[in-house]
1. For chain A, find the longest principal axis of its Cα atoms and tell me its angle to the long axis of helix A:26-49, 0 to 90°, nearest 10.
2. To make sure I understand, if each residue's beta carbon is the centre and we count other beta carbons within 10 Å, what order do A:V469, B:V377 fall in, fewest to most?
3. What aspartates and glutamates sit close enough to B:K247 to cross-link, taking a C-alpha to C-alpha distance under 17 Å and skipping anything fewer than 8 places away on the same chain?
4. Over segment A:352-414, what is the mean sequence separation of C-alpha contacts under 8 Å (at least six apart), divided by residue count, expressed as relative contact order in percent?
5. May I ask you to evaluate 6.51 cos²θ - 1.76 cosθ + 1.60, the Karplus curve with θ = phi - 60°, for each residue of segment A:175-180 and list the ³J(HN,Hα) values in order in whole Hz, giving x for glycine and proline?
6. Would you pull out the residues with amide H under 5 Å of A:L65's amide H, same chain only if 5 or more places away, H placed 1.01 Å from N?
7. Ignore the peptide's own chain and count Cβ atoms of other chains within 10 Å of each Cβ in B:398-406; give me the average, rounded.
8. Measure nothing fancy, just the Cα-based angle from helix A:2-20's long axis to the longest principal axis of chain A, in degrees from 0 to 90, nearest 10.
Amino acid sequence: MTLVWLILIPFIGGLLCWQAERFGDQAPRWIALGTMLLELAMVLGLWVGSDFSLPAEGAANAWTLEWQADWIPRFGIQVHLAIDGLSLLMIALTGLLGAMAVICSWKEIVQRVGFFHLNLLWILGGVVGVFLAIDLFLFFLFWEMMLVPMYFLIALWGHSGSRGSSRIGAATKFFIYTQASGLLMLIAILGLVFAHHGATGEYTFAYADLLDTPLSETTAWWLMLGFFVAFAVKLPVVPLHGWLPDAHAQAPTAGSVDLAGILLKTAAYGMLRFALPLFPEASQAFAPVAMTLGLIGIFYGAILACGQQDLKRLIAYTSISHMGFVLIGIYAGTELALQGVVALMVAHAFSAAGLFILSGQLYERLHTRDMRQMGGLWGRIRGLPGFALVFVAASLGLPGTANFVGEFMVMFGSFGVAPWIVVIASAGLILAAVYSLFIMQRVYYGPPREETPLAGLDRRETVLLFGIVALVVFFGIYPQPLLDTSAGAMQIVQQSVQQAGAMMGGAQ
Amino acid sequence: MSHATMMALLAISPLILVCLTVIVVMLSIAWQRNHTLSAILTAVGLNVALLALLFGWSLGTVDVTSVLVVDDLSRFGGVLVLMSTLACVTLAHHYLEGYEGPRDEFYLLLLSAAAGGMVLVSARHMTTLFFGIELLSMPLFGMLAYTFRDRGALESGIKYMVLSAAATAFLLFGMALLYAVTGTLDFAELGEALSAYGSDPWLLAGAGMLLVGLAFKLSIVPFHLWTPDVYQGGPGPATTFLATASKVAVFLVLLRLFQSTLAFHENWWHDLLGFIAVVTMLVGNLLALTQNDLKRLLGYSSIAHFGYLLVALVVNQGLAVETVGIYLVTYVLTTLGAFGVVTLVSSPYVATGGTADASPLHHYRGLFWRRPYLTAVMTVSMLSLAGIPFTAGFIGKFYIIAVGVEAHRWWLVGSVVLGSAIGLYYYLRVMVTLFLHEPGMQRRDATHDWAERAGGMVVLGVATLVILLGLYPTPMINWVNWVAG
């Protein structure tokens, strides 16, 4: 039942926030914060109390906890939830970033506070559902469901963008991109289910059963593409990234934090959990294409980031660049690279969240995100620029930060599989340094536009930023807890990739 | 009375009860005009008929004369028709309170149309098909033009009448050709004759005309031109009936035709129908994109939805019948929710020169901040129409895609996805309009006590059902599966 509660708590908390609005604006904020802290405490309790060591020999999956109930017997659909090291890390991240999102919108959101937190918490509930569901129908449901509150978050509380792009336009673009690609995944899921039905005569959406569905090579290829496109839109992979810069630029700070910190990770999670294990051979065959796309993403994101004037757009493009590394690591498929992907996902969640929170705080003080209006802020705001320096350093992957650990492991692990890709990707790190320095240079250094000091960080902001910095540095110096937790789950993925590789090698 | 006659009477009793209600309401009006009394009598009659329908559930297939058959499918259709009619009655009572002309006759028309729908879902002979369609459509002319001092309503009624007449002409001509070639009008016998005569050109022409006639009623492209105008102009309750009960009944008779006539099983028929389905969903969705009028938009969206439904008819194997059932249930519930809110916001009726209902989209701006629960209903309906998970609409869309994937009709599945993606744009636009707050806009509002009115309760109930069936669709699936099985 713990797993069910993990999903239900944000949903119930959201409803409470909505109703609590009648007791004033503070009530929903505290309830939302309490809900997310409760969620976080539950996950951490699970983390401490469970064993995530390697699965027993021959076991297909090592779930630490499992819960299932019949739902739609007509198609063998169950409410089937399970948690392992990977999903636990992701849910812990969700809880943590959720709490941060609540804290950072404490002063930013002043209108319809209750309804805002309803949407915020429902997004998080949907994300937790995505990380827990291992029935493909249920997974798809949560995958699509979390778009609706995100849509409202951007459309109702977003900022109207520069150059006439409206927040509603951005929200609609985000929704249509992800929903339409989601339907492609639904087709792929159904194709898989009917293939399984054809082979065994029974309908099932259960992950464990569908894992060993006999598929012809072409079918597997097409179905794998269906999954890949859905995840690629969300990650995002470059030709399908059109929604991301707009959505980020227009979203309120909490929305950006959630979007960059967690929603993008659901895509990587989906690839690790579903796309690779369900279609190992097809994925193996597809790996060169995927890695090339990742490579393109690294450079495309970084180069476009350098040319942005809008601070949030810039950070959004750096996300595309970082997710390129994640994609390369996932399709390299070695254990080291996969572990690196997990570390990089966690690290990017922190650094991107930190940068978005900072740009939100700048916006509260300057009422602009345009970097041409900034400059020379180092002397004008007490405290904030220092934090910015840390997050920028983390974002460019400076040793000592968690991002370095992740990127290094991804590169190191992929080198044996695709040396040339890694060599070229390393050049992308230089671009990362360039755009990171651009941020510092344009925003904080240079001649100040005015001399008047701006409000410094208050206690809420300081504690929040210190917390993130501490996590970035802690996991930069001692990433072992992360790696231990996800080791079992990653090993299973790696084994399925390895077997596929062996089979393909044998066939040739 | 023989046993068989008793069985037949029992099976057909819901239809008889609806007809009796027409007479009772008519007599009551003749005796004394009382709006509320008429509405209550109507509702009671429909409820009794519904009970009779449920009571006769265990009878199985009963042949009531050689032209009517009462089986699970017709009971299923009957339930949908009666439920939507009931919803329309509750909505109409609130709506017509502000109408100065005679109000009671609306219920007579509504009941007659419902009886037509009941006949149609039980039809297994061309005569009953024709009779049912006419009984369904003729009262609708009156209902659509009921508030005839409004230009919109009058235009809508006349437009529907003229185009219905054209459709009827097609229908009759088609039947005549079929009869000329085969010498029978019975569905099953027609099916056998069709497979015997093969591709006789007159036969094909007849079947084609028949389909054109039905396609008019279902507003399938290219016979959809009347839909937006009629939806926009007609008074709320009448449009609601047109969008739900009338379409369900016609679609079910189409399904029955497909099941019994083998000629439609030839390949090129499927390709043609598949093409029409694709065009229908794309045209419906594309034309809805730029609409600034909620009722027009819903009209175009209904065109698109019948495009999706056609997919099941094209496939016509495996899950197809079940899909039709599920989709109709979810469509009816969702549409009742959406039109219910439109009608409630337009209630009570206010006399104007143009269109009386609150149909321009900007009337709904910021509705959430004034009527949060009513907006929740509308939001749920829009999400369900768009097929977002945890609403009933998603289960319908799931079935449509499943039936396409099962039959490997990739073009159809692809168009469903494309259509849904386009559709999202305008459903989202409606949704976000409800939440935007911009003072100073011209707007209309539901009355303060809307939630305590029968219509309000029905609409809330429908929305709850949409959510519940989205969360736990098993009862609905079992029911439809049983009907289809």
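Bear in mind that the values in this text are calculations on the coordinates, not laboratory data. All of these numbers come straight from a predicted model, not from anything done at the bench. Virtual Cβ from ideal backbone geometry, glycine too; neighbours counted across all protein chains shown.
1. Around 40 degrees separate the two axes.
2. In increasing order of surrounding Cβ atoms, one gets A:V469, B:V377.
3. Excluding near neighbours in sequence, the set is B:E134, B:D229.
4. The normalised contact order for segment A:352-414 reaches 25 percent.
5. 5, 5, 3, 6, 5, 5
6. Amide H to amide H, under 5 Å and 5 or more residues apart or across chains, A:L65 pairs with A:I83.
7. Details: counts 8, 1, 0, 5, 9, 1, 2, 10, 6.
Mean partner-chain Cβ count within 10 Å for B:398-406: 5.
8. 40 degrees
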